[in-house]
Amino acid sequence: MSHIEQIPPELTWRIRRQVLYPDQEFGKAILDNDDDGMHLGLFYENKLISVVSLFRKENEMQLRKFATIEEYQGKGFGTELLKYLIEIAETENCKRIWCNARKNASGFYVKFGFTETDKAYHKDGHDFMIMEKILF
Ligand SMILES: CC(C)(COP(=O)(O)OP(=O)(O)OC[C@H]1O[C@@H](n2cnc3c(N)ncnc32)[C@H](O)[C@@H]1OP(=O)(O)O)[C@@H](O)C(=O)NCCC(=O)NCCS
């Protein structure tokens, strides 16, 4: 059984670090503006296994630091979280959801109607591209 809850930012840090920044210091997993975001956690059998953070600015929602613990990846948990956050963005009348996607994860977002913009860059050893989903 899985369920999604809003969680405090501190609960995202361990999974962010483990999945996204395994070779870097713990502080890399902490965002300066974490207190301004909405953080969602997916629990499977009462264990937190996937996290994502949402930052709203005007009519746009930025999705950041999406991570599923490695042994739980590819089992549909990210899909549950992504669908949930798209519903939140729609309910809140956002016009656009966007993210700085790691290039090797772009296929995940494409499945849910995100498209690549022409903005791409390289940072911390990864290729990124801005991906967006227009809601209305
Ligand atoms: C990307 C991520 C958050 C997705 O979470 P998840 O729990 O693995 O997602 P799901 O199991 O729901 O996957 C949904 C679909 O996307 C696919 N998918 C997952 N990760 C993918 C990737 N990196 N590239 C392409 N497709 C991917 C899955 O195969 C699955 O396809 P299917 O429905 O045809 O079987 C997770 O794989 C992850 O943490 N990856 C490492 C960190 C990362 O890259 N985060 C994103 C930074 S932008």
Report summary line: Accessible-area order for Tyr44, Tyr21, largest to smallest, probe 1.4 angstrom, reads Tyr44, Tyr21
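Please report, to one decimal in angstroms, the Kirkwood hydrodynamic radius of the stretch 1-50 built from all distinct Cα-Cα pairs. Intermediate results must be reported in sequence, preceding the final value.
Numbers: mean 1/r = 0.0873 Å⁻¹.
About 11.5 Å, per the Kirkwood formula over Cα pairs.
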Query raised in the report: Where nothing but the Cβ of Lys and Arg (+1) and of Asp and Glu (-1) is charged, how large is the charge dipole of the stretch 2-134 around its Cα centre, in debye to the nearest 20?
Result: 300
Query raised in the report: In nm, to one decimal, how far is the His122 label point from the Glu58 one, both placed 7 Å along Cα→Cβ?
Result: 3.2
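Using the Kirkwood formula over every pair of different C-alpha atoms, what hydrodynamic radius in Å results for the stretch 59-105?
Working: mean 1/r = 0.0849 Å⁻¹.
The answer is 11.8 Å.
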**Report entry** Efficiency of FRET from Cβ geometry, Met1 and Asn100, R₀ 30 Å, rounded to 0.05
**Finding:** 0.40
Query raised in the report: In Å², what does the accessible area per residue of the chain work out to with a 1.4 Å probe?
Result: 58
Report summary line: Under the 7 Å Cα-to-Cβ spin-label approximation, Glu87 and Phe136 lie apart by a distance in nanometres of 1.8
Query - Set Lys75/Lys95; Lys47/Lys111; Lys57/Lys133; Lys28/Lys83 screened for pairs whose C-alpha atoms are more than 22 Å apart - result: Lys75/Lys95; Lys47/Lys111; Lys28/Lys83
Query raised in the report: How large is the convex hull of the Cα atoms of the chain per residue, expressed in Å³ as a whole number?
Result: 112
Report summary line: The ³J(HN,Hα) series, computed from each phi in the stretch 65-80 with the Karplus coefficients 6.51, -1.76 and 1.60 at θ = phi - 60°, rounded to the nearest Hz and given as x for glycine or proline, is 6, 7, 8, 10, 3, 3, 5, 9, 5, x, 10, x, 6, x, 4, 4
Report task. Keeping the other protein chains in place, figure out the carbon and sulfur percent of the accessible area of the chain, with a 1.4 Å probe. Result -> 46
Report summary line: Most fluctuating of Thr91, Thr79, Thr68 in the GNM of the chain (C-alpha, under 10 Å) is Thr91
Query raised in the report: Can you give the Rg and Dmax of the stretch 27-98 based on its C-alpha atoms, in angstrom?
Result: 12.7, 36
Query - Glu60 - accessible surface, heavy atoms, 1.4 Å probe, Å² rounded to 10 - result: 70
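The values are calculated or read from the model by the stated rules, or taken from the named source; none is laboratory data. The structure displayed is predicted, hence computed values, not measured ones. Note that we place each Cβ from the backbone using ideal geometry, even for glycine, and neighbour counts take in every protein chain shown. Areas reflect the complete protein model, heavy atoms only, side chains present, ligands, DNA and RNA absent. Shrake-Rupley method; radii C 1.70, N 1.55, O 1.52, S 1.80 Å.
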